[in-house]
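The values are calculated or read from the model by the stated rules, or taken from the named source; none is laboratory data. Keep in mind that what you see is a predicted model, and the values were worked out from it rather than measured. Positions of Cβ are backbone-derived with ideal geometry, glycine not excepted, and every protein chain shown enters the neighbour counts. In case anyone asks, the SASA skips ligands and DNA or RNA and just uses the protein heavy atoms, side chains included. Shrake-Rupley method; radii C 1.70, N 1.55, O 1.52, S 1.80 Å.
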Amino acid sequence: MGCNSSQATATSGPEAAAGEDSAERPTRGISQCSSASHLTDADVDKHHERLLKLKELDQATKIPFILVELRGCGDEDGYIEICGKDEYGVYEALDNFLQSQWHCKRMDAGDMKKNTPVPFCDKLYRWKEYRAQGSDGTSNMGLATMQLVDFMCNTLCWTLGVINGGNVGAHGEIREQQVIFKAPHPMNMVAGHIMIELRSAGYIEVCGTDREDMDILHNYLLENFNAKPERGHEQFCNRYYSCGDNIFKERGKAGENNLGLLTVQMCDAVVDKLHGWSLVTMNGGNYGEAGTHREQQLVFRCDHHPLREAPPGPESSRDGGYIEICGRDVEGIYDKLGHFLEQEWKCSSGVELREAFCDKKFKWKSKDFTESAAELTEFFHKQGWQMQVCSQGTVKIKGNPDSREQQM
């Protein structure tokens, strides 16, 4: 996967400028490697050569992948980028969908010629139907994501692989969501999807089209989250709930919160109450103007997966120096994991839990997250557990705006 040899679209050049304010169009005069440096001519040549090699490698892959990136810069101000192989006519189908359903405008994404700036994607669109409201992170990113998933999966038969998102920009004010799909499979025509967003601002959003199962979920939220359905948010999600007091909790300056615990409870409820549904992917981060509101997106698929009834057991590690464990203690996994953490990572157990935000907690001297994730995955695989999702990001906590957190 990566940038292929895209050609400038028919709407590039002066024609694309008609009716479009110049301040709204992406400027391609200078490619930036980061916010602190610019690409020299030598760098441009190097990156073009690298992209051409990646293109050759990509042609050898047998299972195609495609990435659709949704980026919201502000209310009615967004862009969509597409990268990957144009297999099974997916680019044309996406082009028709984005222009007819979302009223996007196709733009010039660049090409692989050495005398042009380095292309950042294969296809680029202006997206003015991105909506954002208020200061608590309310947006239609989740709803748009699920509309895209329904089209790609139920109409084109591609398989949802991963959803990953976060905040970018100098002040984290730009919201970005990456959705990865892999080669089509006929099963996807009948496999529905539901997204549940848990928002620490005190809200839960549900996006999907399966009314019967969403009604079951509705009753669960009323009983267990003291949730109240609210109207007037149809442009942001299919169902919007405000939660009772003390549902979402946090304390201290080390990023302690109960979002992981609520995540496990929600996963267990979906598997137990909704027949045939299983967790596909998970994505979390900080949102809102100040970046202090936590959000967790959980996407479930109705695929009757044989392992769907296996209970989830997420582990969360933070730069703040803690490891939190949530989930059912199946076949003594808590004792086995505790022994591993104490012997191999020299963690200390017995961390005092005033009001429990997790099921078990360890003090941890943080180290490289990639290495830690690999070691933890190896441990669980030896116990017969399967890695389902790994979500990592930089979260804002009091006194440390750049603390990292990883959920597995």
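Note on Asp86 and Leu54: the model spin-label points, each 7 Å out from Cα along the C-beta direction, lie 1.9 nm apart.
Over 23 Å apart at the Cα level, from the set Lys273/Lys361; Lys249/Lys361; Lys336/Lys367; Lys228/Lys249, are Lys273/Lys361. Determine the sum of side-chain charges near Glu81: Lys and Arg each +1, Asp and Glu each -1, restricted to other residues whose C-beta is under 9 angstrom from that of Glu81. Net charge in that neighbourhood comes out at 0.
FRET efficiency for the Asp335 to Asn154 pair, using the beta carbon distance and R₀ = 30 Å, is estimated at 0.10. With all protein chains in place and ligands, DNA and RNA left out, the 1.4 Å accessible area ranks Phe65, Phe379 as Phe65, Phe379, largest first.
Taking amide H positions as modeled 1.01 Å from N, with prolines and chain starts lacking one, the residues under 5 Å from Gly284 and 5 or more places away or on another chain are Gly165, Gln297.
For the peptides 162-168, 72-78, 52-58, 42-48, residues were scored by their other Cβ atoms within 10 Å and the scores averaged per peptide; the highest-first order is 162-168, 72-78, 42-48, 52-58.
For the stretch 146-152, putting each phi into the Karplus relation 6.51 cos²θ - 1.76 cosθ + 1.60 with θ = phi - 60° gives couplings of 6, 5, 5, 4, 4, 5, 5 Hz, in residue order, rounded to whole numbers and with x for Gly and Pro. Local charge for Leu217 was computed over the other residues whose Cβ lies under 15 Å away, with Lys and Arg +1 and Asp and Glu -1, and equals -4.
Per residue, the solvent-accessible area of the stretch 193-290 (1.4 Å probe, heavy atoms of protein chains only, all protein chains present) comes to 42 Å².
Local charge for Gly202 was computed over the other residues whose Cβ lies under 14 Å away, with Lys and Arg +1 and Asp and Glu -1, and equals -3. Among Asp335, Asp111, the order of accessible area from largest down is Asp335, Asp111, computed with a 1.4 Å probe on protein heavy atoms. Listed by chain and number, the aspartates and glutamates whose alpha-carbon sits under 15 Å from that of Lys53, ignoring those within fewer than 8 places in the same chain, are Asp45, Asp111.
Across the accessible surface of the stretch 44-183, with the other protein chains kept in place and a 1.4 Å probe, carbon and sulfur atoms take up 50 percent.
Partners of Lys128 within straight-line reach, counting lysines whose Cα lies under 16 Å from its Cα and excluding those fewer than 8 residues away in the same chain: Lys105. Amide H contacts of Ala132: Asp75, Glu76, each under 5 Å away and 5 or more positions distant or on a separate chain (H built 1.01 Å from N in the peptide plane; Pro and chain starts excluded). Each part reduced to its alpha carbon centroid, the stretch 143-218 and the stretch 46-125 end up 20 Å apart.
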